[in-house]
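> Sending over a structure as structure tokens; questions will come in a sec.
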Amino acid sequence: MNDLKIEAEGERSIRMLRTFRARRTAVFAAYTKPELVRRWMLGPGNDWTMPICDIDLRVGGTYRYVWRNAADGAEMGLGGEFVEIDPPRRLVATERFDESWYPGGAVVSTEFVEVAGVTTLTQRVTYDSGGARDGVLRSPRESGVGAGFDRLEALLEG
């Protein structure tokens, strides 16, 4: 529906915004059901798969994602714990990569707001430090997240 917007917020956070022509219950489900997450939460290109997608959707429950690159077999793992769950309005979880490309971890707050069948997804990622946030802003994160959100849009429209 529209392009991803990413901007710095405060000292340690990034705010990402994207809208989808879909009910928020559908967007929330796409974030919380492994069979749907595996279909869209991939990076740019078609070389990545998600062989591990475990989600224990409860406060104190954990999630675990592992992506694999078909071209070279490289893997990237990420996990965390759910801190707040308010379906279909809000998810808050910790985030830590197995081999982090930024120092420390983060807390990710995702809000789903629907108006007239259009859902605005706002995601705030608060890093352990401003330096980590600044490094992420300099990375190609926008292309990877944007590609995933494009897949999510196609999934929701299909």
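> So for the chain, taking the charge dipole from beta-carbon charges (+1 Lys/Arg, -1 Asp/Glu), which of 93, 139, 27 sits furthest toward the positive end?
Most positive-ward Cα: 27.
> Taking the Cα centre of the chain as origin, sum charge times position over the Cβ atoms of Lys and Arg (+1) and Asp and Glu (-1), and report the length of that vector in debye to the nearest 20.
So the dipole magnitude of the chain works out to roughly 400 debye.
> Hey, what number do you get for the chain at 222 nm if only DSSP H runs of n ≥ 4 count, each worth -39500 (n - 2.57), divided across all residues, to the nearest 500?
Helices in the chain give a 222 nm mean residue ellipticity of -8000 deg cm²/dmol.
> Out of (i) 123; (ii) 185; (iii) 108, which label holds the value of volume of the Cα convex hull per residue in Å³ that was computed here?
Read-out from the structure maps to (iii).
> Next question, about the same structure. Give me the percent relative contact order of the chain, please, defined on Cα pairs under 8 angstrom at least 6 residues apart.
29
> Could you go through the stretch 4-16 in sequence order and give the Karplus-derived ³J(HN,Hα) for each residue, using 6.51 cos²θ - 1.76 cosθ + 1.60 with θ = phi - 60°, rounded to whole Hz, and x for Gly and Pro?
Coupling constants for the stretch 4-16: 5, 10, 10, 8, 5, 9, x, 7, 10, 10, 10, 10, 10 Hz.
> With springs connecting C-alpha atoms under 10 Å apart, model the chain as a Gaussian network and identify which of 86, 134, 72 has the largest mean-square fluctuation.
Among 86, 134, 72, the largest GNM mean-square fluctuation belongs to 72.
> Let me ask something else about it. Zone of residue 47 (label point 7 Å along Cα→Cβ, backbone N under 15 Å): which residues in the stretch 65-101?
Under cut-off, by backbone N: 67-76.
Where a number appears in this text, it was derived from the coordinates with a stated rule and is not lab data. Since this is a predicted model, take the numbers as computed values, not measurements. Heads up, the Cβs are rebuilt from the backbone with ideal geometry, glycines too, and the neighbour counts pull from every protein chain shown.
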